[in-house]
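The values are calculated or read from the model by the stated rules, or taken from the named source; none is laboratory data. What you see is a predicted model, and the numbers here were worked out from it, not measured in a lab. All Cβ positions, glycine included, derive from the backbone under ideal geometry; neighbour counts span all protein chains shown. Surface areas here come from the heavy atoms of the whole protein model, side chains and all, with no ligands, DNA or RNA. Shrake-Rupley method; radii C 1.70, N 1.55, O 1.52, S 1.80 Å.
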Amino acid sequence: PISFYISVIVSLGRLYSESEMAALSALGIGPGRVFGAVLTLSAVLAAGVAFLSLYARPWAYETSHQIVARADADVNVNDMEAGDFYESPKRSRVIYIGRREGPGKPMEDVFVQFERDHRTQVIHARRAYQVPGPKGSGRTIAFIDAHVYGISRTAEDHDRIMHAKEMILHMNPPRVEPLAYAPVAASSAVLSASPAPGDVSEFQWRLSTPLTTLLLGMLGVPLSRVKPRQGKYAKMGIAILIYSGYYLLCTSARTWVQKGVIESFPGIWWVPASLAVTLVIALAGPRLGFRGGR
């Protein structure tokens, strides 16, 4: 929406600044024809935005969540860099590499901590490298000159210390946990039937984006009018100010609905309504030449 909004203002503003609009008016193409062309293009773009918002948006969020979950569950030390702590989502595993020449190279000064049953296992090795294994069988890591510390979390067991010149650690195959429910990843059909404030705010946000596209496209027409040789960017400051205020109100209203501060009606709809009022006021201005059917 913002890209289309700015493009309308800049393109029509250039026609005004170079007196092309005056030439079009002399040929019988008045402001009404120009507004109708922008309205048609805005409607087509709004339909595309509606599809992206209602269907592509939840699919993209769900897919990205699955990718992140699989990446967190799969331990591939060949992709890890030195100097960073790599922690699993539930903090059940931490890996730190002190030195490494590059991805896939042997690791030096390796620290691994993971939870197993009622014991915390800590491994500190001088060198380590990942051993290739069958696909889907989990990762296998070989440690050289390793010190292993088993710290018990119960009073019935004792701590253990072991030193090994070489040790092989088999990681379990990655298991992706089911994703928790999130309104941004839920389908629009599910959101439309849910009375939860978070679902209502997300669904109204999705419905508002095509309406925003349509209103901003039409608002760009009156904001593009400049005097000849005034410059096509003459109204850009006020245009950005209007959009910034509108976006701030939209995000605030969405948060208020999500937190239950505002009921599902009016919800966030009062914000597009205020933009529609701004559009009507701008079109009704005497300088635009829309009166009298022109």
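Of all the listed residues (Tyr5, Tyr96), the sole one being touching a residue at least 12 places away in the same chain (Cβ under 8 Å), surrounded by 18 or more Cβ atoms within 10 Å (Cβ to Cβ) and not in a helix (DSSP H, G or I) is Tyr96. May I ask you to list the residues in the stretch 261-282 that are touching a residue at least 40 places away in the same chain (Cβ under 8 Å), open to solvent by 40 Å² or more (accessible area, probe 1.4 Å) and either closer than 16 Å to Val200 by Cβ or within 20 Å of the chain's Cα centre (by Cα) (or both)? Scanning the stretch 261-282 gives Ser264, Trp269. The residues of the stretch 83-93 that are among the basic types (Lys, Arg) and exposed (fewer than 12 other Cβ atoms within 10 Å of the Cβ), listed by number, are Lys90, Arg91. Pro174: modelled with pLDDT under 80, under 41 Å from the mean Cα position of the chain (by Cα), in a loop (DSSP other than H, G, I, E, B) and farther than 18 Å from Asp79 by Cα, yes or no? Spelling it out, it is not the case that Pro174 is modelled with pLDDT under 80, under 41 Å from the mean Cα position of the chain (by Cα), in a loop (DSSP other than H, G, I, E, B) and farther than 18 Å from Asp79 by Cα. In the condition set (1) farther than 30 Å from Ile95 by Cβ; (2) assigned to a helix (DSSP H, G or I); (3) open to solvent by 50 Å² or more (accessible area, probe 1.4 Å), Pro58 is compliant with all but (3).
The single condition from (1) open to solvent by 60 Å² or more (accessible area, probe 1.4 Å); (2) modelled with pLDDT of 85 or more that Pro103 fails is (2). If you check Val68 against the conditions, is it in a helix (DSSP H, G or I) and open to solvent by less than 50 Å² (accessible area, probe 1.4 Å)? It is false that Val68 is in a helix (DSSP H, G or I) and open to solvent by less than 50 Å² (accessible area, probe 1.4 Å).
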